[in-house]
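First up is the structure itself, then whatever we jot down about it.
The values are calculated or read from the model by the stated rules, or taken from the named source; none is laboratory data. Bear in mind the structure is a predicted one, so any value in this text is a computation, not a measurement. Here the Cβ positions follow ideal geometry from the backbone for every residue, glycine too, while neighbour counts run over all protein chains shown.
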Amino acid sequence: MFRRHPILSLATFAYLAFVGWVTLGPQPIDDRGDAFLWRLLRFFGRHDLTDWITYQRLEFFANVWMFVPVGMFFLLLFGRRYWWVSVTAGAALTGLIEFVQLFLPDRVSDVSDIIANTIGTIIGVLFALVVTAAKARRLREDRLAPSAALRRAPH
């Protein structure tokens, strides 16, 4: 798999390194009241139309979107037939991240992160399945065309 797709493998490992850095590195959120994120959340909280935008919802949404590429990369590496392996690998990866975070002093392990990351993986897998459907259909038709021609040929 890695030899057949070296550039895809490299991109996948690079993105996984980024995910590791974001999830296991020092906590980037500034606890001071003047941090941009907190100012933005206070702004949204002052308006009835956007007061539903909270830190918890924003963090959940960010966790979902961070794992969409994971699902896409895994599906492209493992193949369409093994879509379930891609979902399982994404869920296992997030479980591993949350387990390691238990031992990091400035990180918080949370079940909602596992749920969000797994949802992101599933979205990525589904997106990659849709994007690759036409090519998979063409490949399947090309593979079946010679055998269909042999069945029709007179013996």
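Kindly indicate whether Leu129 is in contact (Cβ under 8 Å) with a residue 60 or more places away in the chain and of a type outside the set (D, E, K, R). Answer is no for this residue. Can Gly79 be described as on the phi > 0 side of the Ramachandran plot and modelled with pLDDT under 95? Yes: the conditions hold for Gly79.
In the set (1) touching a helix residue (DSSP H, G or I) at 6+ places or on another chain (Cβ under 8 Å); (2) among the hydrophobic types (A, V, I, L, M, F, W, C); (3) farther than 23 Å from Val130 by Cβ; (4) at pLDDT below 95, Ile97 fails one condition alone, (4).
Candidates in region 113-155 are the residues that are more than 15 Å from the chain's Cα centre (by Cα) and of a type in the set (Ser, Thr, Tyr); of these, the one that is modelled with the highest pLDDT is Thr132. Cβ separations smaller than 6 Å between residues 6+ apart or across chains give no pair from region 27-48 residues that are more than 27 Å from Glu98 (Cα to Cα) to residues that are at pLDDT below 80 and in a helix (DSSP H, G or I).
Looking across region 1-25, the residues that are more than 13 Å from the chain's Cα centre (by Cα) and β-branched (Val, Ile, Thr) come down to Ile7, Val22, Thr23. The residues listed here are Arg32, Arg46; of these, the one that is exposed (fewer than 11 other Cβ atoms within 10 Å of the Cβ), more than 17 Å from the chain's Cα centre (by Cα) and modelled with pLDDT of 80 or more is Arg46.
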